[in-house]
Every structure is written in structure tokens, then in C-alpha cells.
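Here's the structure, in C-alpha cells; my notes come after.
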Amino acid sequence: MAITEIEQLEKILPLRDEERAWKEKGESTLPLLISDTLIPLLSLPEIRKQFVPTVMENEDRIGNLDPQEESAHQGTGRLVHRYHNRAAFYTTDRCFAYCRHCFRRRFTGHLSGPAAYEEIEEAALYIKAHNEIKEVLLTGGDMFTLSDEHIDRMLSIFKEKCPDVIFRLCTRAVAVFPERFTKKLMEIIRQHNSGAPFFLMTQFNHPAELTEEAVKAVSSFVDIGIPAFNQSVLLQGVNDDEATLIALSEKLLTARIKPYYLFQDDPVQGTAHFRVSIERGLEIERNIRKELSGLGMPQYTADLPQGGGKVILTHAYYKGCTPDGRYLFETPDGETRYYPE
């Protein structure tokens, strides 16, 4: 049974003072929820930090609960249209486990529940009326906490009204509750996988999360023609070192998952203890680029506050132009090379 109370957690895991004080000093905006799948992994500090709350969440007043200003770009009650050609639909506020670094903690776990069919219809009509929208992220929360019937109906509505739109199936469930991906569910996904494609968007932050069961869950998508891409978050004490990120990328590729983004943790209130400095992030990005192929290299990315959008963070290899018209570059190994006009 999933863990929802700190008292349950203490029966299986000796708690530290800062973890016990999370409830004693007032709970944060995000409830506690740890799936059965994660319990054996909590012995690893990198997994424990992601899912066991601490009092630091309650004490942090840096940032705000909506730094991306999603609430200011709502096309409908459940649809956010922040980018010209993309939109995000909040399928539900539920997850199988609540990540303590969650950037959408103003919404996640607040008992708003699954999107009603009327809300799905409303969003589908909005997308249909805005033909500039080419991609839609089915997010939340986690869409796979919905029942098979709800997922079937939701995909039917979107596919009927928006047949030319690409849908990203955004989920952490493959990592935290892989048993969800039954033959029945995957048959539903397969039946709707026609026309514009689906893409599976996962979040694995540490190599240990890529268990045999998790890899099998992802394979159930890849085997029916749905490519898998991973979006990691750079987290202090979890993956903020080169060796861990290199191992993660290599393990992802072996599992047929493309490392896509390495996100700078958003300045969301309650998550300051997870954030790595951008200076250190750039150092990590530069170092892992030396070791990874282009296929394995994620884009180190920040989603700028005040709805500024995503920007790629990378070391500047271009150093300018010489007086005789040649371009000056620094190689990944720190050497100098000239490129002709």
C-alpha cells in the first residue's frame, strides 16, 4: 500500500529530524505520497531525497508557486497555451508518487481530480480552433493515474477533434509505478496511435530508477512505435555530478530512451534545497559533453521565470572572429581551432 502519512513512513524508514519536522512544523503545499515500487529504493540517498519530505520545504520562501506563469496563459480551465505552437493539458492533479522537487506543486495533489469529459471537450475544441498548435502535452499530475476507460475516452476526444496534432504522453509512472502499464492499457494506447504520432516523455533522474520493471514499461511503448524521450531535472544531492549523469544517459540509451532535457530546477517555493547553481550546471554540462555522444547528450535547459520560456544553457565554444576573418573556437578539451569564412 502506498505511503501517505509520515507515521507510516517511520515504521519502515528511520526518519531524520528534518524529515520528521516536515509535519510538525506545518505541511508544505505538496502532500506525501510514495508508491510501493519506490519503497525498496529509499535506502539510496538519491531516491530518498526525491520523495521523502523535509522541513526545508516549509521554510523556503524563495521564488513563487508559479514561476512559469502558466496560470496567466490558460486557454481553457485545464489547458495552458504558453508557447505559440504548443499547449499543455492538465489531465489530473494526481500522481503515483509526489516528487518533492515538483514544479507544479500549486496544482499537484490538491484534490481537483481528473479532467471531466466536458473539460476535455472544451480543450479539444480550443486546440481545433487554434491551428497554430502543433503539439499538446498530456500532463498534470500523471495521466496514467486515470482509469483505462478515462484514458480511452480522453484520447478518443482529442484524436477525433485534433487528428493532426502531436501528443506527448508525459509520465513519471514508468519509474515509480511501472505495473500500471498492463496489456489492456497498452492496447488502448496502440488503438489510438494513428495519424499524428504519440511521444512518450519520461522523467528518470538517477540510474537506479531504471529498474528492470521500469525499462519493461518503457519498452511497451517503444515496441508499438512510440519513441521515448527523457526529461531529467538537475537536483542537488541526487544527480549533480558528472559520473551520475553520464551513467544515467548511457543507461537511458540502452533502454531505448533518448536523453532529451536536463532541466535547471525551477525557482518554485519549497524547492530551494534542490537547486544547483547555474555556474555549476554549466561546468557539469561542459564536462559530460566530453564523454557523451550527441545521441546521449541532453540539452541543459532553464525555463525562465515570468513566463520567459526555455533557453538552452551551454558553454560558449565560439570565441569571436580574428582580424583576417577566421572564426575562433575552443574545443571541448580546451584547445583552440580556427574555422575559415
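The values are calculated or read from the model by the stated rules, or taken from the named source; none is laboratory data. It should be emphasised that the depicted structure is a prediction, and the values quoted were computed from it without experimental measurement. All Cβ positions, glycine included, derive from the backbone under ideal geometry; neighbour counts span all protein chains shown. The accessibility values were calculated without ligands, DNA or RNA, using every heavy atom of the protein model including side chains. Shrake-Rupley method; radii C 1.70, N 1.55, O 1.52, S 1.80 Å.
Considering only residues that are open to solvent by less than 10 Å² (accessible area, probe 1.4 Å) and in a helix (DSSP H, G or I), which ones fall in the stretch 136-175?
Once the filter is applied, which keeps residues that are open to solvent by less than 10 Å² (accessible area, probe 1.4 Å) and in a helix (DSSP H, G or I), the stretch 136-175 yields Met143, Phe144, Ile151, Met154, Leu155, Ile157, Phe158, Ala173, Val174, Ala175.
Among the helices (runs of 4 or more DSSP H) lying completely within the stretch 176-294, list those that include at least 2 residues that are under 25 Å from Ile39 (Cα atoms) and in contact with a helix residue (DSSP H, G or I) (Cβ under 7 Å, 6 or more places away or on another chain).
In the stretch 176-294, the matching helices (runs of 4 or more DSSP H) lie at 212-222, 242-254.
Which of the residues spanning the stretch 74-83 are surrounded by fewer than 21 Cβ atoms within 10 Å (Cβ to Cβ), touching a helix residue (DSSP H, G or I) at 6+ places or on another chain (Cβ under 7 Å) and assigned to a strand (DSSP E or B)?
Within the stretch 74-83, just Arg82 meets the criteria.
If I go through the stretch 41-93 residue by residue, how many of them are hydroxyl-bearing (Ser, Thr, Tyr) and either in contact with an Asp or Glu (Cβ under 6 Å, 6 or more places away or on another chain) or at pLDDT below 95 (or both)?
4
Considering the stretch 84-131 alone, what residues qualify as being of a type outside the set (Gly, Ala, Ser), surrounded by fewer than 16 Cβ atoms within 10 Å (Cβ to Cβ) and within 30 Å of Gly270 (Cβ to Cβ)?
His110, Leu111
Residue-by-condition table, conditions (1) open to solvent by 70 Å² or more (accessible area, probe 1.4 Å); (2) on the phi > 0 side of the Ramachandran plot; (3) assigned to a strand (DSSP E or B):
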| residue | (1), (2), (3) |
| --- | --- |
| Ala316 | no, no, no |
| Gly325 | no, yes, no |
| Leu328 | no, no, yes |
| Asp333 | yes, no, no |
| Arg337 | yes, no, yes |
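Identify all residues within the stretch 255-313 that are open to solvent by 50 Å² or more (accessible area, probe 1.4 Å), closer than 14 Å to Asp240 by Cα and either within 17 Å of the chain's Cα centre (by Cα) or among the hydroxyl-bearing types (Ser, Thr, Tyr) (or both); write none if there are none.
Within the stretch 255-313, just Ser277 meets the criteria.
Given the residues Ile47, Ile62, which is the only one that is touching a residue at least 12 places away in the same chain (Cβ under 8 Å), surrounded by fewer than 14 Cβ atoms within 10 Å (Cβ to Cβ) and out of contact with any strand residue (DSSP E or B) (no Cβ under 8 Å at 6 or more places or on another chain)?
It is Ile62.
Return the residues of the stretch 1-44 that are open to solvent by 40 Å² or more (accessible area, probe 1.4 Å), among the charged types (D, E, K, R) and not in a loop (DSSP other than H, G, I, E, B); say none if nothing qualifies.
Glu7, Glu10, Lys11, Asp17, Glu18, Arg20, Lys23, Glu24, Asp36
Spot the failing condition for Ser71; the list is (1) outside any loop (DSSP other than H, G, I, E, B); (2) in contact with a helix residue (DSSP H, G or I) (Cβ under 8 Å, 6 or more places away or on another chain); (3) of a type in the set (Ser, Thr, Tyr), and only one is missed.
Only one criterion in (1) outside any loop (DSSP other than H, G, I, E, B); (2) in contact with a helix residue (DSSP H, G or I) (Cβ under 8 Å, 6 or more places away or on another chain); (3) of a type in the set (Ser, Thr, Tyr) is unmet by Ser71, namely (2).
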